[in-house]
Structure formats: C-alpha cells, structure tokens
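Q: Can you read through this structure? Questions will come right after.
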Amino acid sequence: MRPLTPGSIVDCHTHTNFSDGVGTFEENARAAVAAGCAVLVSTDHLTLPAVMDPAGEVQVVGAELAAHRVAWENARDAHPELEMIYGFEADWYPGCEENVLRWSAGAQVLLGSVHWLGVIDDGAWIDDTSDLAIWRELGPDEVWRRYVDAWCRACESPLPFGTMAHPDLPERMRNEGFAATIDLEPLWDQMVACARDTGRRVELSTAGWRKGVGDYYPARGLLERFCRAGVPITVGSDAHVPADMCDGIAAAYAHAWDVGYRSVEAPRADGSWESMPLQ
Ligand SMILES: [Zn+2]
Ligand SMILES: [Zn+2]
C-alpha cells in the first residue's frame, strides 16, 4: 500500500441498496473507478432499533449484515484497481454504544451521525423532507439546539467514530421553510469545542449541493472555525446512487484549501489513517 498522491480522490461516505441507496457494491465500485477514485469507503446506515426505522427502509437490517459483508468482499475482490474500505454510517442516540459495536463488528470505518432526536416516537429523521413533524413541533431553533447537544454527546461517546458526518445537517431544511432564526455562531462554537476536545475529525460533505442547501455541510463559517481549531477533515459525497460516487470531491478539496486546510484525512485498507496533502 503506497502513500496517496496529493489530491487523490477519496470518498469517505457512500451508500448501497442494502440501506437507502440505489446501487449495488459492484455498481458503486465501477462508477467510482470511472470517476477516478483512489479510495472508496462504503458506509451504509448501520442497523437501528425498531423505533428509529420501523419499516427497515433506511438501515441494513440485522438479518442482512452477513450478506452485506459478503457482497462488499465480492466487489472488492473484483476491483483490485480500487482501494475499498468497509464501513458504516452509525447513528448516535442515547444508549447506542453496545448496539453500534455489536452491529458494526468488522467495520474499518464508522461515521458518526445524528439524524434522529428521539422527540417524536414515529421514526422521524431531521433530514426527512417527507416527514416534517419534528420541525413543525419544535421549530428550527429548538431542533438546532437539541441537534447540537446530541452531536456533542456523540463526539464524547466512547464509540470509535472515524469522522463526524455532515456536521450541520439541520441546514438541510434551511431552504424548505425551516431556517434557524437564532444566531448559529454560539452553537457552531459549541460544536467546534466538542470536536476539538474529543479529538474528532469532521466530514466536509458535498451532499448539500445536491440537496438544495446551496453550500457544503458544514457551511463555510463553521468549516473556517473547525480549521482554526485544528480539527481535521475527511471528504465525502454521501452518494446514494452510483452516478454520484465521488461527486464534487475535487471541488471540495479546492474549497477546503481556500478555507485554510492543507491536508485531508483518508482511511486506508490496512485500518490506518493517512494525512493526505491537498496539493
Ligand atoms: Zn447521514
Ligand atoms: Zn449517508
């Protein structure tokens, strides 16, 4: 395994049809190769308690975890030209630690995410545009406050989250009629302090551009604060269809450089993490 050349395309966040994506591992791998990918990290949504996903629409259900692993290994073995890494996007929720460790056994990368605040007992995720109940009930300012509290508890958890995915996910609803009315900067400062103090990486996600947010996750002001605090970043597309594998990652590198980053962190197939210069 050689060091990555500066600016290599490393997509740290992708989904298949085992969770809420569309493509197979094989289709994703082929699309990633076509996009010039060096390292592709597969991060389907990890198995969830029934209350969070009653119909099993979002997660890799427990009964399919073994088949999921085999399908990933088959795609990896068919694509020696691509470095593939097995991971999961794991939701943080109170008391999740034992579940996450059990269900993610064998994963090399865990993304830490907060999509679900546990307020309404119907599985509503804060980024689900088909179910806005939590946004209507709490309002955007309270969603934001509770999100940041949960996000900081996720950072503080003993789980080995390799990076914290889409750090300002509530921005998903900014252009859906639920923009925060409070000044977000104190909440941003809270997030930056939590990530710095717990030694977490955070993700620079290109998904916001495909979701109508009009910015990366995190927004530029928050990314600048992470940078000033010395919080390292990973970059991910959060692709749910093969055509989006590695989408926008080269542009995200340029954006990160502009904000002040000179390197991004990349997981490697041997389980290590590498700091890759952007140029
Ligand atoms: Zn997510
Ligand atoms: Zn995702």
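Q: Relative contact order for the stretch 9-277: what is it in percent, counting Cα pairs under 8 Å that are at least 6 residues apart?
A: 21 percent
Q: Oh, and also: Given a Förster distance of 25 angstrom, what is the FRET efficiency for Val70 paired with Val33, based on the Cβ-Cβ distance and rounded to 0.05?
A: Efficiency for this residue pair is about 0.75.
Q: Oh, and also: So what's the back-of-envelope 222 nm ellipticity for the chain, counting only DSSP H runs of four-plus at -39500 (n - 2.57) apiece and dividing by all residues, rounded to 500?
A: Dividing the helical sum by the residues of the chain leaves -10000 deg cm²/dmol.
Q: Using a 10 Å cut-off around each Cβ, can you sort Ser113, Ser272, Ser42 from fewest to most neighbouring Cβ atoms?
A: Neighbour counts put them in this order, fewest first: Ser272, Ser113, Ser42.
Q: A further question on this structure: Could you tell me which residue out of Gly21, Ala34, Pro3 lies farthest along the dipole of the stretch 1-73 toward its positive end? Charges go on the beta carbon: Lys and Arg +1, Asp and Glu -1, centred on the Cα centre.
A: Most positive-ward Cα: Pro3.
Q: If you don't mind, there's one more thing I want to ask. Could you compute the net charge surrounding Trp151? Neighbours are other residues with a C-beta less than 15 Å from the C-beta of Trp151; K and R count +1, D and E count -1.
A: That sum, taken over residues with Cβ under 15 Å, equals -3.
Q: What is the order of Glu176, Glu171, fewest Cβ neighbours within 10 Å to most?
A: Glu176, Glu171
Q: Which percentage, to the nearest 5, of the DSSP beta bridges contained in the stretch 9-277 is antiparallel?
A: In the stretch 9-277, DSSP labels about 20 percent of beta bridges as antiparallel.
The numbers here are math on the coordinates, done by the rules we state, and not lab data. Note that the structure is predicted; figures quoted are calculated from it, not measured. Heads up, the Cβs are rebuilt from the backbone with ideal geometry, glycines too, and the neighbour counts pull from every protein chain shown.
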